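Structure first, commentary second.
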Amino acid sequence: MRQAGRYMAEYRELRARVSFLDLCKRPELATEVTVTAAERLGVDAAILFADILLILEPMGFGLEFTKGEGPVIHNPIRTTADVDGIRPFEDPAPLAFVYQAVRSIRSALRSDLPLIGFAGAPFTLACYAIEGGSSRHYEKAKAFMYHDPGAWDALMRRFVDATATYLNAQAAAGAQALQIFDSWVGSLSPTDYRRFVQPHMARLFAQLDPTVPTIHFGTDTGSLLELQCEAGGTVIGLDWRVDLRSARQRLGEGRAVQGNLDPVVLLSNQAEIESQAQRILDEAGGRPGHIFNLGHGILPTTPVENVLSLVDFVHNASLRRTH
Ligand code: CP3
């Protein structure tokens, strides 16, 4: 995740000239960033360069990425009437630059390197749309949800329909797997997840192209894994707070997992990185259905050589050698 992030010199050079949103909106640049990162790192799949928040613009939200503050939504949702005012995303055309990037990345990448498309999950999108940006406790979003469950339901339905349209358009353009980021859903209790999120996630998965595998990812979801699994996903993404072996037992045979090295481990040293990576491979137990990955996005201060040596280590130590 965040393969093409701020920790790579190639990316920083490009970003010095072009804003983040412009990078996302120019398919030739999004292609360069995606392909450079995947090839330089030697990973087994590439993830599209884009952002989960792009879909907010055509739905009527003013989106900006500011230095220091991160994403800002200028007209966050405050009332039921605001929910009614959201523009539906029935025609995927306003994000045509994303599908164009998918097509151009697909033709530039080595043919045996799969391309992952992605979108934000409705709950995580709602957090940004209501909070107006990043948040620690999601208190505005959760208070809105508790206070007006009807408006919450309407909001989630709109995000589900929009996200399904968007992801299916990425698949049609050539994305070979679809990852859904429910980054902030771990802030909910299991009871609230079941009530306010799970039916919407189930409806989202049911609307996706059934021929494309999906990765259902969240963080801090140790208490939600079974519920997320019931909602859908060919693969469940795990963060580092869960033990991979016991997570797999809980999810059962037939469900693949992705994860789950703590990205902060990449700020340590080779011995520590290798021992933690080996522990994860041991927990995976050589059984098929484990995709080695970080448990969350890579940090901007990560030394790139540590990532390169992790990729080598995992290739050499795991059963399936692809290089
Ligand atoms: O590997 C990749 O680069 C894939 C593309 C990708 C980005 N964002 C690019 C990006 C993906 C998959 C995302 C997902 C994303 N975006 C999530 C879910 C993943 C997760 O971490 O749980 C979230 C919550 C966002 C929203 C977002 N976008 C945030 C909070 C930020 C950081 C803003 C900041 O300044 O701290 C971004 C910006 C962003 N998205 C960057 C990249 C490479 C950095 C942009 C830059 O400054 O150049």
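The values are calculated or read from the model by the stated rules, or taken from the named source; none is laboratory data. Keep in mind the model is a prediction, meaning the values are calculated, not measured. For neighbour counting, all protein chains shown are included, and Cβ atoms are generated from backbone atoms with ideal geometry for every residue, glycine included.
Descriptive notes on the structure:
- Filter pass, P76 being over 21 Å from T214 (Cα atoms), at pLDDT 95 or above and more than 16 Å from the ligand (Cβ to nearest atom): no
- Scanning the stretch 37-63 for residues that are in contact with a Pro (Cβ under 6 Å, 6 or more places away or on another chain) and in contact (Cβ under 8 Å) with a residue 60 or more places away in the chain yields a total of 2.
- Candidates are the residues of the stretch 1-20 that are more than 9 Å from the ligand (Cβ to nearest atom), in contact (Cβ under 8 Å) with a residue 24 or more places away in the chain and assigned to a helix (DSSP H, G or I); the one that is farthest from L109 (Cα to Cα) is A9.
- Residues located in the stretch 308-323, provided they are more than 16 Å from the ligand (Cβ to nearest atom) and β-branched (V, I, T): V314, T322
- Within the stretch 137-167, the set of residues being within 19 Å of the chain's Cα centre (by Cα) and over 18 Å from F89 (Cα atoms) comprises Y138 only.
- Among residues of the stretch 289-307, those that are away from the ligand (no atom under 16 Å from the Cβ), surrounded by 11 or more Cβ atoms within 10 Å (Cβ to Cβ) and in a helix (DSSP H, G or I), counted: 1
- Put simply, of D112, D148 the only residue that is surrounded by fewer than 16 Cβ atoms within 10 Å (Cβ to Cβ) and within 30 Å of V212 (Cα to Cα) is D112.
- Counting the residues of the stretch 141-157 that are within 17 Å of S189 (Cα to Cα) and free of Cβ contacts under 8 Å to residues at least 60 places away in the same chain gives 8.
- Residue in the stretch 131-140 that is surrounded by 24 or more Cβ atoms within 10 Å (Cβ to Cβ) and within 16 Å of the ligand (Cβ to nearest atom) present: no
- Residues (near the ligand (Cβ under 9 Å from one of its atoms) and in a helix (DSSP H, G or I)) located in the stretch 31-53: V33, T34, A37
- Taken as a whole, the stretch 133-140 holds no residue that is touching a strand residue (DSSP E or B) at 6+ places or on another chain (Cβ under 8 Å) and assigned to a helix (DSSP H, G or I).
- The stretch 28-76, residues that are within 19 Å of A169 (Cβ to Cβ) and under 16 Å from the mean Cα position of the chain (by Cα): T34, A46, I47, L48, F49, A50, D51, I52, L53, L54, I55, L56
- Taking the stretch 258-288 as the range and being at pLDDT 95 or above, part of a loop (DSSP other than H, G, I, E, B) and under 26 Å from L48 (Cβ atoms) as the test, only D262 passes.
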